[in-house]
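Take a look at the structure set out below.
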Amino acid sequence: MFTLKVDNEIELQLFQIHHAEELFLLVDRNREHLRTWLPWVDNMSSPIQYHSIIPTWLRQFAENTGFNAGIRFKGALVGSIGFHQIDWHNSQTSMGYFLAKDVQGNGIMSKCVQALLYYAFYELGLNRVEIRCGQQNHKSRAIPERLGFTKEGIIRDGERLHYNFHNLIVYSMLRNEWVSRS
Ligand SMILES: CC(C)(COP(=O)(O)OP(=O)(O)OC[C@H]1O[C@@H](n2cnc3c(N)ncnc32)[C@H](O)[C@@H]1OP(=O)(O)O)[C@@H](O)C(=O)NCCC(=O)NCCS
């Protein structure tokens, strides 16, 4: 099963069925923090829901079309990161992520994104990785900006968030840019 050691304290681990309760509790404890930017949080009301979502994520991984992994910091589940879809024809993917409120500010997500860029470009051989962030989501935008992604533009009203639309900023990193930096 897929695990990826990011550093001595951080590890990515594919979600499996037995993580359903732990993942639900993480999201539930951080409901107010996460729902600000993640529209799906309000729909998650029971660990049972993860019993049907996790197999979908595992199938996606088995089919090599994306994945969703837990972020473990000193062994504790503190967040999630993954590739929404892998578009093999166009050799590209996009990343999504979240962290528990109380572990923000330690660089955990920047390190995880960096590790997944390595995975995308060197292990999977992809050409392009995209991250879309809410225009006002400054903490999220700081991650691709810190890692040298290119800001490509804005998708106006790109996402519905609690009955309102908001703008998304598109960031991307290309393989040749990443290689020339490493
Ligand atoms: C977006 C989110 C993951 C950002 O979390 P974060 O902790 O700010 O991001 P990082 O883990 O990369 O940490 C960066 C912070 O740690 C600091 N830091 C400490 N050590 C660091 C290191 N080695 N490397 C990078 N940053 C480091 C940075 O200075 C920065 O602090 P600042 O916010 O005070 O400037 C988090 O706010 C979140 O989950 N939000 C809700 C869900 C969400 O918005 N998801 C994204 C949807 S697009």
Return yes when residue 127 is among the polar types (S, T, N, Q) and in contact (Cβ under 8 Å) with a residue 24 or more places away in the chain and no when it is not.
yes
Just to be sure before I move on: is residue 146 under 30 Å from residue 102 (Cβ atoms) and charged (D, E, K, R) in the structure I sent?
yes
Among the residues of the range 1-20, what is the count of those that are more than 16 Å from residue 61 (Cβ to Cβ), within 17 Å of the chain's Cα centre (by Cα) and assigned to a loop (DSSP other than H, G, I, E, B)?
1
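Could you please let me know if residue 52 is assigned to a helix (DSSP H, G or I) and either more than 16 Å from the ligand (Cβ to nearest atom) or under 24 Å from residue 179 (Cβ atoms) (or both)? First the steps, then the outcome.
Numbers: assigned to a helix (DSSP H, G or I): yes; either more than 16 Å from the ligand (Cβ to nearest atom) or under 24 Å from residue 179 (Cβ atoms) (or both): yes.
Judged against the criteria, residue 52 is a match.
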On the given criteria, is residue 27 part of a helix (DSSP H, G or I), at pLDDT 95 or above and within 21 Å of residue 139 (Cβ to Cβ)?
yes
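Here are some residues: 71, 17, 48. Which one is aliphatic (A, V, I, L, M) and surrounded by 17 or more Cβ atoms within 10 Å (Cβ to Cβ)?
Numbers: 17 fails: surrounded by 17 or more Cβ atoms within 10 Å (Cβ to Cβ); 48 fails: surrounded by 17 or more Cβ atoms within 10 Å (Cβ to Cβ).
Selected residue: 71, the only one of 71, 17, 48 that is aliphatic (A, V, I, L, M) and surrounded by 17 or more Cβ atoms within 10 Å (Cβ to Cβ).
Looking at the range 1-45, which of its residues are basic (Lys, Arg) and away from the ligand (no atom under 14 Å from the Cβ)?
5
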In the range 142-165, anything under 12 Å from residue 37 (Cα atoms) and of a type in the set (Lys, Arg) is listed as 160
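The values are calculated or read from the model by the stated rules, or taken from the named source; none is laboratory data. All values derive from a computational prediction rather than experimental measurement. Cβ sites come from the backbone with ideal geometry, for glycine too, and all protein chains shown count toward neighbours.
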